[in-house]
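Asks: Supplied in structure tokens, the structure appears directly below.
The values are calculated or read from the model by the stated rules, or taken from the named source; none is laboratory data. All of these numbers come straight from a predicted model, not from anything done at the bench. Glycine gets a Cβ as well: all are built from the backbone with ideal geometry, and neighbour counts include every protein chain shown. Protein only, heavy atoms only, side chains kept; ligands, DNA and RNA dropped before computing areas. Shrake-Rupley method; radii C 1.70, N 1.55, O 1.52, S 1.80 Å.
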Amino acid sequence: RTELALKETMSSGGAEDDIPQAERKTVTDFCYLLDKSKQLFNGLRDLPQYGQKQWQSYFGRTFDVYTKLWKFQQQHRQVLDNRYGLKRWQIGEIASKIGQLYYHYYLRTSETSYLNEAFSFYSAIRQRSYYSQVNKEDRPELVVKKLRYYARFIVVCLLLNKMDVVKDLVKELSDEIEDYTHRFNTEDQVEWNLVLQEVAAFIEADPVMVLNDDNTIVITSNRLSETGAPLLEQGMIVGQLALADALIIGNCNNQVKFSELTIDMFRMLQALEREPMNLASQMNKPGMQESTEKPARRENPHKYLLYKPTFSQLYTFLAASFKELPANSVLLIYLSATGVFPSGRSDSEGPYDFGGVLTNSNRDIINGDALHKRNQAYKEMHCLHPGDLYPFTRKPLFIIVDSSNSVAYKNFTNLFGQPLVCLLSPTAYPKALQGMCSIAFPNKLQFLYPSQTERGFLRKRQLSTTKCQDYLRKINRDIAQLLTHSRSIDQSFLQFFGDEFLRLLLTRFIFCSATMRMHKIFRETRNYPESYPQLPRDETVENPHLQKHILELASILDVRNVFLENTLDDY
């Protein structure tokens, strides 16, 4: 490739002998770094997707080569312009690859600061118009590179809640797609229009901008802030377990998604992260921690994002997480999936008799239904049954199920005496909410996401006040007191309560469970979240002290009329 590049430049720029030796070496070195970077980048897809150790050295080498390549083209830009014919879109490609590296490093490590680095490179491409000349060349594959860059940039901006940038990018992407389809009669026109539809639906389903008291726009976040989780106070006896790993699984039919990220997966992955920090102040380069200063806080739990996995894929990742789980650590499994119900009546009530949630069968639904009806004597193969998770209860396990058949996981048995908790979504919503919930929020545990809790509570007024946020923090502190001072609560809850991510999930679970029980339209048992083990209701979700706080919050927000005043008397 180097010789070819030299010959092409010489054919346009003069004889080979006219090129100074130093400049020839510059082009040769650049071509070597460019080839090496492409080779390493393409090799990333061959790395195992699971396991936290094997990939780090390879990523490090890839970052090193791209860092050298980026600096090299900056230092020798004039020579490369004259002798190599370096185009601006080629510089943009290098920057785009570096942005992709940072994004994938974020996915591998769950360190949100790398998202900021990806944003920096993607933003530089746009600000410096690296791809601006692509449309003048009669090469559709170059335009596709530009469109893919936009799609990747949008994903990063969504994860960083930069909604103003997202809206600008969507408008630019729409214009680019229109120009692309007008100039080239390609077969992927429908696919790119679908990308636009997906991102538009995604933005509508998760509006992170709300109005404050003074009508200023506030960007809400699902991530854990410094004041998010209630602090542990003196006298609270809790376990020392730490959330180390999480599997976030999305397999709902007809759910809003963008790329391979459903709206549920998007919210949950943010709920298991802290707000991003400036990477430059924390890191030397990816994988290299500053030796002089330790990080001030514990890192985010590692996550696997699985979109519509098959049973074997899910089990492989689950086994890898289980194997690598450190001592005194917790594995979290989040299942947002279509419910699978028992095909026939069973005389037994075992862990495979209540159905579960759907896994990807890699076949058409119609064929699946036909097979389902023929084999009613057998259990559904493409389903994650509660019994499938039994082997992994040998270590502390925290399960969250968003499904129309979430209650199947009530029928758990703690075989090994390790801490085990399941938080289960309602299996149905009141008719008044079904139109709103059917696609964007099917059977959602919205209380698990900090901003979703507040938004759900403020449905009648899209208002986010400092007073409201302060009061919610007060309620969370009181819930922490109720839970840790309960005499009848299962010890598993307390074992998990020492971890701030799990502490916030548990307090919000109790808060919204109590809120739903007091709301006038949530009157059926299946409208309420449940848990395994069961929480002592009189000390938590039906506690009069907590109910009083909820009514006071409703008064602050002028929505008290939708709640029952004497809740316990109405049961």
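Asks: Can we say Glu226 is of a type in the set (D, E, K, R) and either surrounded by 12 or more Cβ atoms within 10 Å (Cβ to Cβ) or at pLDDT 90 or above (or both)?
Replies: It is false that Glu226 is of a type in the set (D, E, K, R) and either surrounded by 12 or more Cβ atoms within 10 Å (Cβ to Cβ) or at pLDDT 90 or above (or both).
Asks: Give me the pairs: first residue in the stretch 128-146 and in contact (Cβ under 8 Å) with a residue 24 or more places away in the chain and within 16 Å of Gly99 (Cα to Cα), second residue outside any loop (DSSP other than H, G, I, E, B) and aliphatic (A, V, I, L, M), beta-carbon distance under 6 Å, and six or more apart or on different chains, which are they?
Replies: Hits for this filter: Tyr130/Ile91; Lys146/Val134.
Asks: Has the stretch 542-561 got any residue that is among the small types (Gly, Ala, Ser), surrounded by 12 or more Cβ atoms within 10 Å (Cβ to Cβ) and under 20 Å from Gln481 (Cβ atoms)?
Replies: No; the residues of the stretch 542-561 include none that is among the small types (Gly, Ala, Ser), surrounded by 12 or more Cβ atoms within 10 Å (Cβ to Cβ) and under 20 Å from Gln481 (Cβ atoms).
Asks: Does the stretch 149-169 contain at least one residue that is over 21 Å from Lys257 (Cα atoms) and open to solvent by less than 10 Å² (accessible area, probe 1.4 Å)?
Replies: No: the stretch 149-169 contains no residue that is over 21 Å from Lys257 (Cα atoms) and open to solvent by less than 10 Å² (accessible area, probe 1.4 Å).
Asks: If you check Gln78 against the conditions, is it over 29 Å from the mean Cα position of the chain (by Cα), open to solvent by less than 10 Å² (accessible area, probe 1.4 Å) and assigned by the TED database to the domain that holds Lys38?
Replies: no
Asks: Let me ask something else. Given the conditions (1) open to solvent by 20 Å² or more (accessible area, probe 1.4 Å); (2) modelled with pLDDT under 90; (3) touching a helix residue (DSSP H, G or I) at 6+ places or on another chain (Cβ under 9 Å), report the number of the one that Asn527 does not fulfil.
Replies: Checking Asn527 against (1) open to solvent by 20 Å² or more (accessible area, probe 1.4 Å); (2) modelled with pLDDT under 90; (3) touching a helix residue (DSSP H, G or I) at 6+ places or on another chain (Cβ under 9 Å), the one that fails is (1).
Asks: A further question follows. Restricting to the stretch 239-273, name every residue that is touching a His at 6+ places or on another chain (Cβ under 8 Å) and among the hydrophobic types (A, V, I, L, M, F, W, C).
Replies: Matches in the stretch 239-273: Ala244, Ala246.
Asks: For residues in the stretch 107-122 being assigned to a helix (DSSP H, G or I), open to solvent by 10 Å² or more (accessible area, probe 1.4 Å) and touching a residue at least 40 places away in the same chain (Cβ under 8 Å), which is nearest to Leu173 (Cα to Cα)?
Replies: Selected residue: Phe119.
Asks: Moving on. Just to be sure I understand, how many residues within the stretch 406-418 are part of a loop (DSSP other than H, G, I, E, B) and open to solvent by less than 20 Å² (accessible area, probe 1.4 Å)?
Replies: 1
Asks: Then there's this: Report yes if some residue within the stretch 531-538 is farther than 22 Å from Ile400 by Cβ and either in contact with a Leu (Cβ under 6 Å, 6 or more places away or on another chain) or at pLDDT 90 or above (or both); otherwise report no.
Replies: yes
Asks: Here is a follow-up. Which condition breaks for Leu101 when tested against (1) closer than 20 Å to Trp70 by Cα; (2) free of Cβ contacts under 8 Å to residues at least 40 places away in the same chain; (3) of a type outside the set (Val, Ile, Thr)?
Replies: Evaluating Leu101 over (1) closer than 20 Å to Trp70 by Cα; (2) free of Cβ contacts under 8 Å to residues at least 40 places away in the same chain; (3) of a type outside the set (Val, Ile, Thr) leaves (2) as the failure.
Asks: With respect to Trp70, is the statement that it is in contact with a Phe, Trp or Tyr (Cβ under 6 Å, 6 or more places away or on another chain), among the hydrophobic types (A, V, I, L, M, F, W, C) and open to solvent by 30 Å² or more (accessible area, probe 1.4 Å) true?
Replies: No.
Asks: Do you know which of the residues in the stretch 124-141 that are surrounded by 12 or more Cβ atoms within 10 Å (Cβ to Cβ) and among the polar types (S, T, N, Q) is nearest to the chain's Cα centre (by Cα)?
Replies: Per the stated criteria, the residue is Ser132.
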